[in-house]
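The structure appears below as structure tokens.
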Amino acid sequence: MNRTVYVNGEYLPETEAKVSIFDRGFLMADAVYEVTSVLGGKLIDFDGHIVRLQRSLDELEINNPYTREEWLNIHRELVQSNDLVDGGIYLQISRGAPNDRDFVWPDPEMTAPTVVLFTQSKPGLANSPSAQAGIKVISIEDIRWGRRDIKTVQLLYPSMGKMMAQKAGADDAWMVQDGHVTEGTSNNAYIVKDGSIITRALSNNILHGITRAAVLRFADEAQMKIEERNFTIEEAQQADEAFITSASAFVTPVVELDGQKISSGAPGSIVPRLREIYLEESMKTAI
Ligand code: PMP
């Protein structure tokens, strides 16, 4: 691959893009990120991602180096220069690279944030095999820190969770805290029971998914019943349907949980319909 990527104001071939060894994203996971999906060369829910980015930066007192328009221009330039049709744009901002390693934050006047963006091409993203067949999920204990609402690059445990899932012959893991599902390793988690969509309420314990917000809004507009409350793995195993949402998986059915089939073990009717609505509606506002 020879992508054109963005680093601190420059568009460069990926092999020439460099970040300092003192970068706090590298040394301390002192960085936040966003992933915006691209379908047909257009950005899905761009404004949602930029609003959440601002919130993550505010929570960590990192300056946002660009305006919404500047971010949009960078995203569009990358789509264009890489001929990106379907896939996503990864954006990361760290607290920057002071001239040494120190737990104390550098003075933002002296150390500018490090900004990196790159594209990921995924042809046919909207028709992935997992959307048709559904995915298998295992449950693992949620041992992450207490500010999961901030989208930091501190992704070691979610990454370990994916490996645990792979070793168990599954696709992903749902994390469980005090007996209740928090979220998936890189997605929000839902069940459907008697026509009701059930998902954990927002708090510091989960990421406030941009796709979650959109899907709940569309579901509400379609007169579907929504319950924002905790649920257990046992309840999920007895559910009619289950699913995950994320910017890159959109709405994807979950058909097996800890080796137990959910209903027939095939995607039901509500989740594929929700996926259809989500894709249709978000394409209308794609830019
Ligand atoms: N939860 C976690 C832990 C995630 O990493 C993600 C994806 N980044 C999500 C939920 C879904 O968020 P979004 O819909 O904004 O992609």
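The values are calculated or read from the model by the stated rules, or taken from the named source; none is laboratory data. This is a predicted model, so every value here is computed, not measured. Every residue, glycine as well, gets a Cβ built from its backbone with ideal geometry; the counts of neighbours run over all protein chains shown. In case anyone asks, the SASA skips ligands and DNA or RNA and just uses the protein heavy atoms, side chains included. Shrake-Rupley method; radii C 1.70, N 1.55, O 1.52, S 1.80 Å.
Can you give me the Cα centroid spacing of the range 193-239 and the range 93-129 in angstrom?
If we compute the Cα centre of each part, the gap is 30 Å.
Calculate how large, on average over all directions, the projected area of the Cα convex hull of the chain is; give the answer in nm² to one decimal.
Computed as one quarter of the Cα hull surface, the answer is 15.0 nm².
Of Asn99, Trp174, Pro267, which is farthest towards the positive pole of the chain's charge dipole, taken about the Cα centre with +1 and -1 on the beta-carbons of Lys, Arg and Asp, Glu respectively?
With unit charges placed on the Cβ atoms, the residue in question is Pro267.
Mark the label point 7 Å from the Cα of Glu16 along Cα→Cβ and return the residues of the range 65-79 whose backbone N is within less than 17 Å of it.
Within reach of a label on Glu16, which here means backbone N under 17 Å from a point 7 Å along Cα→Cβ, the range 65-79 contributes 78.
Would you work out the charge dipole size for the range 128-287 about its Cα centre, treating the Cβ of every Lys and Arg as +1 and the Cβ of every Asp and Glu as -1, and quote it to the nearest 20 debye?
Using only the charged Cβ atoms, the result is roughly 440 debye.
Based on the Cβ-Cβ distance of Ala126 and Lys167, what FRET efficiency does E = 1/(1 + (r/R0)^6) give at R0 = 30 Å, to the nearest 0.05?
Numbers: r = 29 Å, r/R0 = 0.98.
With a Förster radius of 30 Å, E is 0.55.
List nothing, just return the count: lysine pairs in the range 13-168, 8 or more apart or interchain, with Cα separation under 21 Å.
Details: Lys42/Lys122; Lys122/Lys162; Lys136/Lys162; Lys136/Lys167; Lys151/Lys162.
Eligible lysine pairs with Cα atoms under 21 Å apart amount to 5.
Below 8 Å, C-alpha to C-alpha, sequence gap of six or more: please give me the relative contact order for the range 142-246 in percent.
Details: 159 pairs, mean separation 31.6, N = 105.
Answer for the range 142-246 is 30 percent.
Considering the dipole of the chain built from charges on the beta carbon (Lys and Arg +1, Asp and Glu -1) around the Cα centre, which of Ser186, Ile62, Ala213 is farthest to its positive end?
Ser186
How large is the direction-averaged shadow of the alpha-carbon convex hull of the range 129-285, in nm²?
Here the figure is 8.6 nm², rounded to one decimal.
Let a ≥ b ≥ c be the square roots of the eigenvalues of the Cα gyration tensor of the range 1-75; is it rounded (a/c under 1.5), or, if not, prolate (a/b larger than b/c) or oblate?
Taking the square roots of the gyration eigenvalues as a ≥ b ≥ c, the range 1-75 is oblate.
Not counting the cut sites, what is the longest span of the chain without chymotrypsin sites (Phe, Trp or Tyr not before Pro) that DSSP labels loop and that have at most 12 other Cβ atoms within 10 Å?
Formally, the longest exposed-site-free interval is 146-287.
Can you tell me how much longer the chain between Asn99 and Asn63 gets when fully stretched, taken as 0.36 nm per residue apart minus their C-alpha distance, in nm with one decimal?
Extra length from Asn99 to Asn63 when fully extended: 11.1 nm.
Given H placed on each backbone N at 1.01 Å, which residues far from Glu241 in sequence or on other chains put an amide H within less than 5 Å of it?
Result for Glu241 returns Val192.
For the chain, take the longest principal axis of its alpha carbons; what is the angle in degrees between that and the long axis of helix 46-60, to the nearest 10 within 0 to 90?
For helix 46-60, the angle is close to 70 degrees.
Cα extents of the range 77-175 along the three principal axes, largest first, in whole Å?
Largest to smallest, the principal-axis extents are 51, 41, 21 Å.
Skipping prolines and chain starts, which residues have an amide H placed within reach, meaning under 5 Å, of the one on Ser196, given they are 5 or more residues away or on another chain?
Under 5 Å from the amide H of Ser196: no residue qualifies.
For labels at Lys42 and Glu221 in the simple 7 Å Cα→Cβ model, what's the distance in nm?
Result: 1.3 nm between the two label points.
What list of ³J(HN,Hα) values in whole Hz, one per residue of the range 262-271 in order, does the Karplus curve 6.51 cos²θ - 1.76 cosθ + 1.60 (θ = phi - 60°) give from phi, with Gly and Pro shown as x?
Karplus-based 3J(HN,Hα) across the range 262-271 equals 8, 6, 7, x, 10, x, x, 9, 6, 5 Hz.
Can you give me the accessible area per residue for the chain, using a 1.4 Å probe, in Å²?
For the chain, the per-residue accessible area is 48 Å².
Evaluate the range 2-161: find the radius of gyration of its Cα atoms, find its Kirkwood radius, and give the ratio Rg to Rh.
0.98
Taking the chain as a Gaussian network, Cα atoms linked when under 10 Å apart, which of Gly268, Gly179, Gly209 shows the biggest mean-square fluctuation?
With Cα springs under 10 Å in the chain, the top fluctuation among Gly268, Gly179, Gly209 is at Gly179.
Over the chain, what is the relative contact order in whole percent, taking alpha-carbon pairs under 8 Å and six or more residues apart?
Over the chain, the number comes to 19 percent.
Could you identify which residue out of Leu12, Leu207, Leu117 has the top mean-square fluctuation in a GNM of the chain using Cα springs shorter than 10 Å?
So, out of Leu12, Leu207, Leu117, the one fluctuating most is Leu12.
With a 1.4 Å probe and every protein chain kept in, tell me what percent of the accessible surface of the chain is carbon plus sulfur.
On the way: 6990 of 13650 Å².
Accessible surface attributable to carbon and sulfur in the chain totals 51 percent.
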